[in-house]
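Chemist: Can you read through this structure? Questions will come right after.
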Amino acid sequence: TPYFYKKDDLEILEAMASQLGLKLSEVKLIEGLVEARRRMDSDLRMGRDVQSLIIPSSIPPWNSIRFASYYEPMTEVSGDYFDVIRKGSSLTAMIADVSGHGVPAALITMSIHHAFNRCVEGGYGLVEMLDEINEALRPRLPDGSYITAQIIRIYSDQTYAVVNAGHIRAYHYRQFS
């Protein structure tokens, strides 16, 4: 019938429709945020998988020396780095930590990994290696970020050399007979 709803009824229905529209928009926003969080978690898991590929989970014995390491990042991805490279009659290991956590620090560890491998393969001395890594990475670091590192080279006669760039000292256990 014509004019079934009164003017007051129409105003109430319009206000309710407006509120319903706002609530539907909020639901879509929340659904979008949940989906974005799911994708971000998936991306972080993939980042962790990629980062775990550059950090050795086990290191075979070399020249009667046994190694042990343990890696547990504070977050899904991190700025922790460790690697061991054998070349010729020596073994070179690096442990490093990028300030901060998460994706930015993890991306910097990928650069450290590349620079460290390039330096070992290029036959750099330890001090030269730190200088080269520093020169390669310093311009790319965000303001306030820094890297601490320690590099050790062990020779076939079981002597070794160490350089330290502000990193805590690595543990060294000697078996006595």
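Chemist: Please state which one of 85, 95 is modelled with pLDDT of 80 or more and in contact with a Ser or Thr (Cβ under 6 Å, 6 or more places away or on another chain).
Modeler: Checking each option against the conditions leaves just 85.
Chemist: Do we have any residue at all in segment 56-74 that's among the aliphatic types (A, V, I, L, M), closer than 23 Å to residue 145 by Cα and surrounded by 14 or more Cβ atoms within 10 Å (Cβ to Cβ)?
Modeler: The answer is no, given that none of the residues of segment 56-74 is among the aliphatic types (A, V, I, L, M), closer than 23 Å to residue 145 by Cα and surrounded by 14 or more Cβ atoms within 10 Å (Cβ to Cβ).
Chemist: On the basis of being in contact (Cβ under 8 Å) with a residue 24 or more places away in the chain, open to solvent by 70 Å² or more (accessible area, probe 1.4 Å), outside any loop (DSSP other than H, G, I, E, B) and not β-branched (Val, Ile, Thr), does residue 139 make the cut?
Modeler: On the way: in contact (Cβ under 8 Å) with a residue 24 or more places away in the chain: no; open to solvent by 70 Å² or more (accessible area, probe 1.4 Å): yes; outside any loop (DSSP other than H, G, I, E, B): yes; not β-branched (Val, Ile, Thr): yes.
Here the answer is no, as residue 139 does not meet what is asked.
Chemist: A further question on this structure: Tally up the residues in segment 144-166 that are over 14 Å from residue 98 (Cβ atoms) and in a loop (DSSP other than H, G, I, E, B), please.
Modeler: Qualifying residue count, segment 144-166: 4.
Chemist: Select from segment 142-177 the residues that are within 18 Å of residue 68 (Cα to Cα), among the polar types (S, T, N, Q) and open to solvent by 70 Å² or more (accessible area, probe 1.4 Å) and write down the one among them that is modelled with the highest pLDDT.
Modeler: Per the criteria, the residue is 158.
Chemist: Sort through 131, 97, 83 and tell me the only one that's of a type in the set (D, E, K, R), assigned to a strand (DSSP E or B) and either touching a Pro at 6+ places or on another chain (Cβ under 9 Å) or open to solvent by 70 Å² or more (accessible area, probe 1.4 Å) (or both). So that I can check it myself, show each step before the final result.
Modeler: On the way: 131 fails: assigned to a strand (DSSP E or B); 97 fails: either touching a Pro at 6+ places or on another chain (Cβ under 9 Å) or open to solvent by 70 Å² or more (accessible area, probe 1.4 Å) (or both).
Testing whether each residue is of a type in the set (D, E, K, R), assigned to a strand (DSSP E or B) and either touching a Pro at 6+ places or on another chain (Cβ under 9 Å) or open to solvent by 70 Å² or more (accessible area, probe 1.4 Å) (or both) leaves just 83.
Chemist: Look at residue 40 and say whether it is within 20 Å of residue 113 (Cα to Cα) and outside any loop (DSSP other than H, G, I, E, B).
Modeler: Details: within 20 Å of residue 113 (Cα to Cα): no; outside any loop (DSSP other than H, G, I, E, B): yes.
For residue 40, the condition - within 20 Å of residue 113 (Cα to Cα) and outside any loop (DSSP other than H, G, I, E, B) - is not met.
The values are calculated or read from the model by the stated rules, or taken from the named source; none is laboratory data. As the structure is a computational prediction, the values presented were derived from the model and not from experiment. Counting neighbours? That spans all protein chains shown, and the Cβs are built from the backbone with ideal geometry, glycine included. To get the accessible areas, we keep the full protein, side chains included, count just its heavy atoms, and leave off ligands, DNA and RNA. Shrake-Rupley method; radii C 1.70, N 1.55, O 1.52, S 1.80 Å.
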